[in-house]
Structure formats: structure tokens, C-alpha cells
Amino acid sequence: MRQHRGASQWDFRIDGESDFAAKERRLRSQQLCGSCPAKAKTACAKIHADLVTEYSTSIPGIWAGRIWRDGDDSPKTPNVIPLYTHDDLAA
């Protein structure tokens with residue numbers, strides 16, 4: 001589908017793109033978002049929220065400087081390693 005409609009630098013995934021190239025492209029896209037005025041970022045975030053509401057599903061891509069992954073309802077966040085207690089590990 002993405003290839004058929006034409007890929008965009010704002011897409012989360014582009015068919016045939018390597019993982020490394022995708023990460024680099026997403027980073028460049030986020031940096032471009034950083035140069036937008038706050039009013040434009042707010043409008044972009046609102047468009048994304050409206051689309052999510054309208055289609056009742058996540059809308060992947062770069063929206064208002066945040067990366068929204070395919071099939072995910074939350075923006076990309078750093079990996080968090082959960083802390084376990086001794087009792088958790090013994091179970």
C-alpha cells in the first residue's frame with residue numbers, strides 16, 4: 001500500500017527500505033519537525049489525534065515530532081528495563 005500511494009519521509013515504514021535507512025530518515029524528519037513553529041506542531045498533533053479517532057486505529061508515521069510505530073497506539077519511547085525484586089526472580 002505505501003509503495004502504491006507513494007512513500008513519504010513522514011511514513012513510519014517504506015517498503016524496501018533498510019532498518020538503518022529508516023532510522024536515519026525518521027531522525028531527519030524529527031529534526032525538521034523541530035524547526036516548525038509551536039502552532040504548526042499543535043495543529044499536526046491535532047490532525048493525528050483526529051485521524052486516530054476517526055479510524056479507531058493507530059496512524060503510524062512522524063507526527064508533531066513524535067514517531068508513531070505501525071500498530072502501536074503510543075509514540076516511540078526509549079526502551080525501559082523493568083526492575084525485578086529477588087522474590088520475582090525466585091517465583
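Contact map, the range 34-57: first residue within 16 Å of Asp70 (Cα to Cα), second residue surrounded by 12 or more Cβ atoms within 10 Å (Cβ to Cβ) and of a type in the set (Phe, Trp, Tyr), Cβ cut-off under 7 Å, separation 6 or more or different chains; pairs are His48/Trp63. Would you pick out the residues in the range 10-28 that are of a type in the set (Asp, Glu) and assigned to a helix (DSSP H, G or I)? Result: Asp19, Glu24.
Confirm whether Ile47 is outside any helix (DSSP H, G or I), within 23 Å of Ala7 (Cβ to Cβ), modelled with pLDDT of 85 or more and not charged (D, E, K, R). No. The set of residues from the range 50-74 being surrounded by 17 or more Cβ atoms within 10 Å (Cβ to Cβ) and part of a loop (DSSP other than H, G, I, E, B) comprises Ser58, Ile59, Pro60, Ala64, Gly65.
The values are calculated or read from the model by the stated rules, or taken from the named source; none is laboratory data. Quick caveat, the model's predicted, so the values are computed rather than measured. In this analysis, Cβ positions are derived from the backbone assuming ideal geometry, glycine residues included, and neighbour counts consider all displayed protein chains.
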